[in-house]
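Beneath this line is the structure, given in structure tokens, with notes to follow.
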Amino acid sequence: MGNDLLSSMHISASGMSAQRTRMDIVAENIANAESTRTEAGGPYRRRQVVFQATPGQQSFSNVFNSSFVNERNQTVKAAYIAEDPRPFRQVFDPSHPDANAQGVVNMPNVNSVEEMVDMNSAARSFEANVTTMEASKRMFLKSLELLR
């Protein structure tokens, strides 16, 4: 039982870590929504976190129980950060220093509304993992209380 409670807390912690990475990238996207010059050259390109499920601890009881329940104990991690391939926004502004000969400026492919929705989703997922971790902690403490 102790291993199950600790593994549920480990799963929640990995989810919290992955969602925190997602929130950091969303904040970076929002901060660079108007950046027309980057170190790589050209406008900022929106970034997104790609998650990956990773096998959890493979104890004998986990493998044994998975044969009955048909599910594996897995955690999640931020596997890598991908650039959004969507085209840049084009804005007519001849006074902008990065405007081309026609007066068009390539702006980042960041949509602030989409980023705020993504941030809200990441925050809700983070909160769900915190709630799950707190429930596991309460069960663990209740188990210790029953053993007295």
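Please tell me if Arg45 is within 28 Å of Asp84 (Cα to Cα), surrounded by fewer than 16 Cβ atoms within 10 Å (Cβ to Cβ) and either charged (D, E, K, R) or at pLDDT 90 or above (or both).
Answer is no for this residue.
Could you please tell me which pairs satisfy a Cβ distance under 8 Å, a separation of 6+ or placement on different chains, a first residue in segment 89-100 that is touching a residue at least 12 places away in the same chain (Cβ under 8 Å), and a second residue that is hydroxyl-bearing (Ser, Thr, Tyr)?
So the pair list comes out as His96/Thr36; Asp98/Thr36.
Any idea which of (1) in a helix (DSSP H, G or I); (2) of a type outside the set (A, V, I, L, M); (3) at pLDDT 95 or above; (4) in contact with a strand residue (DSSP E or B) (Cβ under 7 Å, 6 or more places away or on another chain) is the one Asp24 doesn't satisfy?
Exception for Asp24: condition (4).
Is one or more of the residues making up segment 126-139 more than 27 Å from the chain's Cα centre (by Cα) and in a helix (DSSP H, G or I)? Outline the logic, then answer.
Narrowing segment 126-139 to residues more than 27 Å from the chain's Cα centre (by Cα): 139.
Among the residues that remain, those that are also in a helix (DSSP H, G or I) are: 139.
Taking every residue of segment 126-139 in turn, at least one turns out to be more than 27 Å from the chain's Cα centre (by Cα) and in a helix (DSSP H, G or I).
The values are calculated or read from the model by the stated rules, or taken from the named source; none is laboratory data. Keep in mind it's a predicted model, so treat the numbers as computed, not measured. Using ideal geometry, Cβ is built from the backbone for each residue, glycine included, and neighbour counts are taken over all protein chains shown.
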